[in-house]
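Quick notes on the structure that follows.
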Amino acid sequence: QLREIPKLIFEKNLFGLDIDKRAAQLTIFALMMKGRADDRRLFDRRVKLNVMALQNSTDCNIRALAEQINLSDYSLSLNDLTELKSLFEYSTTLGSLIKLPDALVEKLPALKQLNLHPSQQLFVAEELKNLWVLVQQSELLSAKYDAVVANPPYIGGKFHTPFLKKFLKNNYEDYKKDVFSAFIDRNLAFTLPNGRLGFMSPFVWMFISSYE
C-alpha cells in the first residue's frame, strides 16, 4: 500500500555510514521527519534504518567468545573472528576506506548465523551484540550500490599521521596524496555498473598531474 512506501524506501533502498555518531543520529532524524511528511503513522511502523556510525572493534573480546561457543558448528574459526576484529580496529579513523577481503565476505552469512546463537550467559550475549555491529558494518562495506553520494575529507599528504600514511600506501598507492582521492577510488568500487556517483570534492583531480 502507498502508506508503506516510506518504510520500504528506508529499509530497502537507503544505506549510510559515517565516522561520527552525532552525524548518523542527525541523518536518522532528518530521514524520519522526511518520511513522516508522507506517512503520519511512520513512527508506529518500527522502521529499521540502515544508517549507522562506524564503531571500533576494541570492545570485542573475540578469544573469550570463542571459548564459550563452538565456532566450527557455524563453519567459522577463531581466525575469522580475529580478522574481522582487526579490520575494524580503526573504523572511526578510516571510515569506508576499509575494504573487506573476499574470503571474509564469504563468511558473512555464517557470522550472521552466529549472532543468532542462543545463550543465557550475559557475557556471551553482550559479546555477540558487539560482534553483530561489526557484521552490520561489514555488510554495508561489502555491498554494491546503484548510487553513491559522499562528502569525503580533504587531507593532503603533509597532514597525514604515520598510521594513515602507511594505510594509504598499502591500500591506495595511486591515490595516497590526498584522502579525498582515495575516497573517490573507494566509492567507484562501491558503485554498480552504470551507477551514479555524487561527490563534494575540489577540482584539483582534473588539473594536477599526480591525479591523472
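Quick look at the values:
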item	result
Rounded to the nearest 20 debye, dipole of the stretch 1-57 from Cβ charges on Lys, Arg, Asp, Glu	220 debye
Hydrodynamic radius by Kirkwood, which averages 1/r over all alpha carbon pairs of the chain, in angstrom	19.2 Å
Relative contact order of the chain, pairs being alpha-carbon contacts under 8 Å that are 6 or more residues apart, as %	17 percent
Residues with amide H under 5 Å from that of VAL148, placed H, sequence gap 5 or more	ARG196, LEU197, GLY198
Bins of 10 Å from zero: percent of alpha-carbon pairs in the stretch 15-114	13, 33, 28, 20, 5
Gain upon complete extension [ALA147, TRP132; 0.36 nm per residue less C-alpha separation]	2.8 nm
Pair THR92, MET200: separation of 7 Å Cα→Cβ label points (nm)	2.2 nm
DSSP-defined antiparallel bridges as percent of all bridges, the chain, nearest 5	10 percent
Net charge contributed by nearby residues that have their C-beta within less than 12 Å of ALA182 (K/R +1, D/E -1)	+2
Longest segment of the chain lacking chymotrypsin sites (Phe, Trp or Tyr not before Pro) that sit in a DSSP loop with at most 11 other Cβ atoms within 10 Å	1-202
Within the stretch 1-107, GluC sites (Glu not before Pro) in DSSP loop having at most 16 other beta-carbon neighbours inside 10 Å	GLU89
Under 13 Å from the ALA110 label point (7 Å along Cα→beta-carbon), backbone N, the stretch 84-98	84
Estimated distance in nm for a label pair at ASP102 and ASN56, the labels positioned 7 Å out from Cα along Cα-to-Cβ	3.2 nm
Coil-residue trypsin sites (Lys or Arg not before Pro) of the stretch 144-208, DSSP, other Cβ within 10 Å capped at 11	LYS144
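A short reminder: the numbers here are calculations on the coordinates, not readings from a lab. Since the structure is predicted, the reported quantities are computational estimates derived from the model, not experimental observations. We place every Cβ from the backbone using ideal geometry, glycine too, and count neighbours over all the protein chains shown.
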